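J.: Please see the structure below; I have some questions.
The values are calculated or read from the model by the stated rules, or taken from the named source; none is laboratory data. All values derive from a computational prediction rather than experimental measurement. FYI the Cβ positions are ideal-geometry reconstructions off the backbone, even for glycines, and counts take in every protein chain you see.
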Amino acid sequence: MTNHIFIWVAHPREASLSTGLAEAYAAGARRTGAEVRIQGLWDMAFEPRMKGFGKDMPALEPDLIQWQQNIAWADHIVVIHPYWWGQMPGLARAVLDRGLTPGFAFKYHARGVKWDKLLEGRTADIVITSDTPPLLDRVFYGQPGLRVLKKQVLEFCGIKVKKALQFGSVKLAGTEKILSWKTRMEKLGASRGREAETVATQYETGRAA
């Protein structure tokens with residue numbers, strides 16, 4: 001059983017720490033046999049203005065369709081983004097607004113407030129970079145961006161978040177600190193690949209029994 005891992009680098013600039021962390025995670029995952037896809041926000045072209053869901057909702061552009069296909073293909077999803085004003089960049093948020101459509105990510109019931117979580121069965125890691133030290137972000141602000149992405153976006157659609165990491169302060173980090181973050185990401189990616197091997201072994205053992 002091969003683990004399918006989709007890494008979305010939600011940074012509008014390719015040459016960023018987010019990209020470096022994604023590459024480290026991907027290297028670790030691939031080393032343990034996982035299949036990895038990476039899609040960068042900087043390379044996505046689409047209309048960012050969201051006008052609401054409805055019958056007149058415009059068709060998705062090719063890059064958003066590809067993003068949906070990567071989500072559907074994945075067993076495990078990694079979202080990596082910087083903190084800008086306490087949340088992910090606006091363009092990244094626009095991908096969520098446009099791409100997590102009814103019928104793909106969720107479906108409201110005809111009556112009441114309940115809904116179906118159409119992306120159940122998938123897991124995720126969230127990785128955030130920030131100039132604000134993580135401890136200060138947690139104590140003084142309550143990590144608003146992380147809470148929204150975890151609870152009101154991913155878990156709303158059925159995606160279970162396994163780990164959330166926040167690296168900072170980026171502004172104060174030297175070369176050695178950044179290298180340690182990349183090393184941690186590579187180890188995390190490798191652990192996700194090994195999880196698929198463990199599941200496959202358990203499956204084969206159970207079938208043989």
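J.: Only strands (runs of 3 or more DSSP E) wholly contained in the stretch 86-185 count here; list those with 1 or more residues that are in contact with a Ser or Thr (Cβ under 6 Å, 6 or more places away or on another chain) and of a type in the set (D, E, K, R).
T.: 160-167
J.: With (1) surrounded by fewer than 15 Cβ atoms within 10 Å (Cβ to Cβ); (2) assigned to a loop (DSSP other than H, G, I, E, B); (3) of a type outside the set (D, E, K, R) as the list, and Q69 as the residue in question, which single condition is left unmet?
T.: So the condition that Q69 fails would be (2).
J.: Ok, one more. Here are D63, D75: which of them is acidic (D, E) and touching a strand residue (DSSP E or B) at 6+ places or on another chain (Cβ under 7 Å)?
T.: Of the residues listed, the single one that is acidic (D, E) and touching a strand residue (DSSP E or B) at 6+ places or on another chain (Cβ under 7 Å) is D75.
J.: Being of a type in the set (D, E, K, R) and more than 20 Å from the chain's Cα centre (by Cα) is the filter here, so list the residues in the stretch 109-130 that pass it.
T.: Selection gives R111, K114, D116.
J.: Before we move on, is W42 loosely packed, with under 13 Cβ neighbours inside 10 Å and either closer than 30 Å to T132 by Cβ or touching a His at 6+ places or on another chain (Cβ under 8 Å) (or both)?
T.: No; evaluated as a whole, the condition is false for this residue.
J.: List every residue pair whose Cβ atoms sit under 6 Å apart, with the two residues 6 or more apart in sequence or on different chains, where the first one lies in the stretch 10-38 and is more than 20 Å from I178 (Cα to Cα) and the second, anywhere, is at pLDDT below 95 and assigned to a loop (DSSP other than H, G, I, E, B).
T.: Listed by first residue and then by second, the contacts come to A34/N3; E35/T2.
J.: A further question on this structure: Pairs needed: first member in the stretch 77-93, at pLDDT below 95; second member anywhere, part of a strand (DSSP E or B) and not charged (D, E, K, R); C-beta distance under 7 Å; at least 6 residues apart or different chains.
T.: From the stretch 77-93, no pairs qualify.
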